[in-house]
Every structure is written in structure tokens, then in C-alpha cells.
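Here the structure is laid out as C-alpha cells; the discussion comes afterwards.
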Amino acid sequence: MSADILDGKQIAADIREELKRRAAELTSAGVTPGLGVLLVGDDPASRSYVTAKERACEKVGLHSQETVLPASASREEILEVVRGYNADERIHGILVQLPLPDSAMEADVIETILPEKDADGFHPVSVGRMMLGLPAPLPCTPHGILQILKRSGVTIEGAHAVVVGRSNIVGKPVANLLSRKWELGNATVTVCHTRTKDLGAITRQADILIAAAGKHNMISADMVREGAVVIDVGVNRIEDPSAKRGYRLRGDVDFEAVREKAAAITPVPGGVGPMTITMLLQNTVEAAERVVA
Ligand code: GUN
């Protein structure tokens, strides 16, 4: 079997067309949706994510504003930028690119964002509301994964979903969303992590396997059940002097081997990545719609 390739880029383009219409409607009502971005430090991967997010805003008709602080910025300097975005009525969504150079500051910084402007769905209020099944901005990568599954016709209800990784950004929220009693949920979910014993024995039980461990090629073909749907969340920079930038982006899944076994698989790049950005745009548009309503 050779797997269907789940084309996140195409699904993202379809959703962005819809968002473009919604943004245009808002603009004609006098409110252009605005995203305030804060980047601290000069990590090249973070810089390129932020640039991609801002370009996507522009293409969909959102206004974006960027602030860059040096890696040495103090907690107070960072919080001042967030408070400025909170008070700015042109800004409907706020994104602080993570990780911060000092990760100990992250909780305070995220908590300073007004929950109604939480474009990432990382604020404890958003996370709590999501857990309770209340309306909330959903974290972008998990929501993007669910949209890929839904729009590719994958049945989530009743499936055994195995999530490899337990990060706050992906593993924990995607496990919660998949198990929720809602349209895109009702799966039976197992969460695996670095202390899991005999990982392969568990991943081989997955109808839907979500690889979000941040480790290149950690999911080999022998860890995947014939006919599984595989979602690769990994974004690993692999050095390659023949590549334009000197590296290639590769996932957590051994793509060439696993595609021979899976029913469907997301590529890296062009799978989950474009969906993450799209759901960020969606959260920002929805925040602006709430202001107009
Ligand atoms: N770092 C890695 N992924 C993300 C994301 O989705 N949002 C933010 N703010 N930082 C990230």
C-alpha cells in the first residue's frame, strides 16, 4: 500500500479563502483584524515562523504589527509590549513566539495577554475553557490537525488515537480535543512520552498516530499499523549542504518507509505547518468578529 498524502497546504489554502472573505467583511465594517506579534531574541527558526505568520496575515487581509526585543530583554520590557497590544484596539490577536530565551518567563507573559486577545489559545483561561468544553480560541497546531482529519474524511469517533509527545503546545491539547465529546472528538486516546515503555507496542495499536515528539525519524515503519493514519507534527532542521538554506525540514516520522504502510500520512513540509498558521489567522479573525458583534 502507498499512503494517501494529506495535503495540509491545500486544506490550509481552502480555509484561508474563507478567512479572506470574513476579513474583507470586517474591514468593510471598519475593523481590519489585527495580529500583534512579539519576538524576543534572534533564534532563526522563531524568526522564520514569525515571518511566515506575518506574510500569511497580509495575504488574507489582516493587519499585523511586529515588535522585536533583544534576547536580553527584561520581564518588564516584555510585559510592557504585551500590555501595549492589550490596550491597542487595532490589535485583536496577540502572539508571543515561544520559546522565550528565558523560558521561566513564559507563564507570566502568556498570563498577561488578555484572554479575549489570545491568538494561540495558550492562556490558562483558554486552556481551562477548552478542557471544560466551553467556547475558547483553540491552540493552533492541535486544531489544525483536527481540521486535516475532518477535511480528509478520517473518522475520529471511536478510533484509537495515539499521541507521541506531551507538550503544552501540541501533545496535551490534541489529546484533550480528540477525546472530547464533540464533533471532532470521541476518540479513545493514549498519550506516550519519553518514559513510555515499549513505545512501538502502543503506537502499533493506533488507528490515528500523532507524532509530536520533536525527534527526527523516531517513528519507524515497524511502529505503525498497516492502514493507520499518520500525522507528523515534527519540524526538525536537518543539515543538507545541497539545500537552498543549507538544511531541510523533516518530521518525526520516517516518511518514505511509513508511507508504504499507512493509509494516509501528512508530509513535512506541507502538512501540519500550513494548518498551524491558518488556525492562528482564524483565531484572530474570530476575535475581531467578537468585537464587531
Ligand atoms: N512555538 C512553536 N509553536 C508555536 C506556536 O504555535 N505559537 C507560538 N506562539 N510559539 C510557538
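The values are calculated or read from the model by the stated rules, or taken from the named source; none is laboratory data. Only a predicted model underlies this, so the values are computations on that prediction, with no experimental measurement involved. As a convention, Cβ positions derive from the backbone with ideal geometry for all residues, glycine included, and neighbour counts pool all protein chains shown.
Total residues in segment 219-260 satisfying the condition of being more than 18 Å from Ser152 (Cα to Cα) and away from the ligand (no atom under 16 Å from the Cβ): the figure is 27. Pairs meeting the criteria (first residue in segment 101-130 and without any contact (Cβ under 8 Å) to a residue 60 or more places away in the chain and within 18 Å of Arg75 (Cβ to Cβ), second residue assigned to a loop (DSSP other than H, G, I, E, B) and more than 11 Å from the ligand (Cβ to nearest atom), beta carbons under 6 Å, at least 6 apart or on different chains) are Ile110/His123; Ile113/His123. Among all positions in segment 61-81, there is no residue which is surrounded by 17 or more Cβ atoms within 10 Å (Cβ to Cβ) and within 16 Å of the chain's Cα centre (by Cα).
Within segment 1-47, count every residue that is among the charged types (D, E, K, R) and closer than 21 Å to Leu95 by Cα. Can you show your working first?
Of the residues in segment 1-47, the ones among the charged types (D, E, K, R) are 4, 7, 9, 14, 16-18, 20-22, 25, 42-43, 47.
If we keep only those that are closer than 21 Å to Leu95 by Cα as well, we get 16, 20, 22, 42-43, 47.
Going through segment 1-47 one residue at a time, the tally reaches 6.
For segment 1-33, residues that are in a loop (DSSP other than H, G, I, E, B), farther than 27 Å from Val268 by Cα and among the hydrophobic types (A, V, I, L, M, F, W, C) total 2.
Of the residues making up segment 282-289, at least one is within 16 Å of the ligand (Cβ to nearest atom), of a type in the set (Gly, Ala, Ser), over 17 Å from Val174 (Cβ atoms) and in contact (Cβ under 8 Å) with a residue 24 or more places away in the chain. When you scan segment 219-233, do you find a residue that is free of Cβ contacts under 8 Å to residues at least 60 places away in the same chain and under 19 Å from the mean Cα position of the chain (by Cα), even just one? Yes; the residues of segment 219-233 include at least one that is free of Cβ contacts under 8 Å to residues at least 60 places away in the same chain and under 19 Å from the mean Cα position of the chain (by Cα).
I'm trying to understand the selection: among the residues of segment 150-171, which are within 19 Å of Gly251 (Cα to Cα), among the aliphatic types (A, V, I, L, M) and touching a strand residue (DSSP E or B) at 6+ places or on another chain (Cβ under 7 Å)? Correct list: Ala161, Val162, Val163, Val164. Here Ser167 meets each of (1) in the same structural domain as Leu209 (by TED's automatic domain parsing); (2) crowded, with 24+ Cβ neighbours inside 10 Å; (3) within 13 Å of the ligand (Cβ to nearest atom) with one exception, condition (2).
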